[in-house]
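To start, the structure under review is shown below, and the notes come after it.
Every number in this text was worked out from the coordinates using simple rules, so none of it is lab data. Quick caveat, the model's predicted, so the values are computed rather than measured. Neighbour counts are summed over all protein chains in view; Cβ atoms, including those assigned to glycine, are modelled from backbone coordinates with ideal geometry.
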Amino acid sequence: MSFFFDIEYLNRGVWALCFGRTMSTRIRIKSLKADQKAEAYLNNAKLYLESHGAPAELISTLEQLWRSAVEKNVPGKLTPSERLALLAVRYFAAPGGTGADVRRESKPARYVQSWLKRSGKDIESVDTPTALEDEQLLKALSRKKRWDVILGLLNGTITFAQAKEEAQKRKPRAPKAEAGTKPRRRSRKAAEEAPATPAPVPEAVGAPVEEKPVEVKAVSGGEEEASKEAEAVAEQILAEGLI
């Protein structure tokens, strides 16, 4: 029986936590002891933040505030940032799993360690109905990846009113393309039914005027001799004065 008991604890990462090793998998927290739950909550929250792209500065700040709150162990001595860190770690360790706990109100916890036992005791502004609005704010900011705003809340550089305004802002839309730059999409049916585009007709070009060559009639040899005889006769007539 003890063998299976040890195997179960080993699977949950308890032994790794006892030896101070960094866990790379989520830990089942329900049946752990109070001192083990503090590290298990922190481990699961860090895994969630790292997998969702949270910056290292936010994770480091959240870890410091969480450990400080656990060490103080008295809810009345916690600062607003430490209370928010308790709420944030509990939420990021199991997103969506703290809603019922925040909505109901039970006896106040005298110590943080007793609160970690999940014995039905609450810490003011951490898991009482007064913290429901803060949890919804963390949810909205984490969905929009506004890690800078969450870090500002933990550092005290951003108020809750400012954080609510940032959570309500919408992402700027990309500018619309100018008319004519993007072709209109046509369905396949419309493309098939559309008539074929006729081929462009080339412009008429005037036919070149053909220049007919001037025929030059060649004078034959007989005609040349006849003309010479006619000229000789004419000269003879003029010389004899027949005219």
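Remarks
- Estimated translational D of the range 33-168 in µm²/s (Stokes, Kirkwood radius over Cα pairs; 25 °C; 0.890 mPa s): 167
- For Lys37, Lys77, order by how many other beta-carbon atoms lie within 10 Å, fewest first: Lys77, Lys37
- Ordering Val126, Val112 from the fewest to the most neighbouring beta carbons within 10 Å gives Val112, Val126.
- Computed over the range 33-168, relative contact order equals 27 percent, with contacts defined as Cα pairs under 8 Å that lie 6+ residues apart.
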